[in-house]
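Coordinate-derived values only; no laboratory data. Note that the structure is a prediction, hence the values are computed from the model and not measured. Because the Cβ atoms are built from the backbone with ideal geometry, glycine has one as well, and the counts that use them run over all protein chains shown.
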Amino acid sequence: MMIRSAEFVKSAVRPSQYPPATLPEIAFAGRSNVGKSSLINTLVNRKRLVKTSATPGRTQQLNFFRINEAFYFVDFPGYGYAKVPRFLKKQWKPMVETYLSTRKTLKGVILIIDVRRIPGIDEHLLMNWLRHYHVQLLLVLTKIDKLSRTEQMKQRRNIAQELAVTEKELYLFSAKSGWGKDAVWDGILKMIDEEHS
Ligand SMILES: Nc1nc2c(ncn2[C@@H]2O[C@H](COP(=O)(O)OP(=O)(O)O)[C@@H](O)[C@H]2O)c(=O)[nH]1
Ligand SMILES: [Mg+2]
């Protein structure tokens with residue numbers, strides 16, 4: 001994918017704060033510290049378009065980025081991080097659910113999962129919402145550089161079983177090595193092109 005431009009547009013909590021719904025949109029979701037910002041930065045060939053951080057879970061807004069003047073990437077706040085104050089957790093659910101249920105230009109959500117971790121209640125909950133609102137899903141297993149090839153395959157099998165999806169639906173990725181970047185882009189472009197009812 002040729003990236004000509006990638007720019008931060010704005011942060012939003014409520015629909016009235018979203019940018020105008022003029023471009024197809026892809027959203028990124030995952031637990032805090034899973035590597036969401038790193039995935040986005042890798043996809044757009046930038047070191048710091050999205051801030052990566054060692055103290056996760058602080059940004060509790062939807063962050064909109066415009067890519068190639070052609071579509072938006074939306075960075076969801078991370079979830080499931082124990083150090084986030086309770087009121088922030090409470091805020092996450094309505095913010096994300098409102099976005100998923102009202103955003104007409106949303107083409108798909110990328111759910112990022114640490115390849116070393118079996119998904120839990122948060123991932124199941126999000127996947128159920130996506131099904132309910134008929135939003136396309138792309139599943140990315142990240143940080144694969146932390147595991148041997150054999151361990152990667154084993155974890156992919158276990159995660160596929162837990163999520164009741166086929167192994168083919170789980171994209172292996174590493175922000176460290178760039179492994180899997182082209183495949184994830186193919187998946188994104190497919191979701192953008194898809195005419196789903
Ligand atoms: N080894 C490795 N580290 C990663 C990878 N992706 C992210 N990280 C590290 O994981 C930490 C959290 O990454 P970040 O992108 O900020 O996660 P976010 O909270 O989900 O946005 C940072 O220290 C990153 O350098 C990866 O693919 N491989
Ligand atoms: Mg982040």
Summed over the other residues with a beta carbon less than 13 angstrom from that of LEU172, with K and R at +1 and D and E at -1, the charge totals +4
The size of the Cβ-based charge dipole (Lys, Arg +1; Asp, Glu -1) of the chain about the Cα centre, to the nearest 20 debye, is 840
Charge dipole of the stretch 69-153 built from unit charges on the beta carbon (Lys, Arg +1; Asp, Glu -1), centred at mean Cα; most positive-end Cα among LEU138, LEU126, VAL74 is LEU126
Ignoring trypsin sites (Lys or Arg not before Pro) buried by more than 10 other Cβ within 10 Å or outside DSSP loops, the longest site-free run in the chain is 105-197
A correct Kirkwood calculation over the Cα atoms of the chain returns a hydrodynamic radius in Å of 16.9
The set of residues whose placed amide H lies less than 5 Å from the amide H of ALA6, leaving out same-chain residues fewer than 5 positions away, is ASN68
Percent relative contact order for the chain, counting Cα pairs under 8 Å at least six residues apart, stands at 23
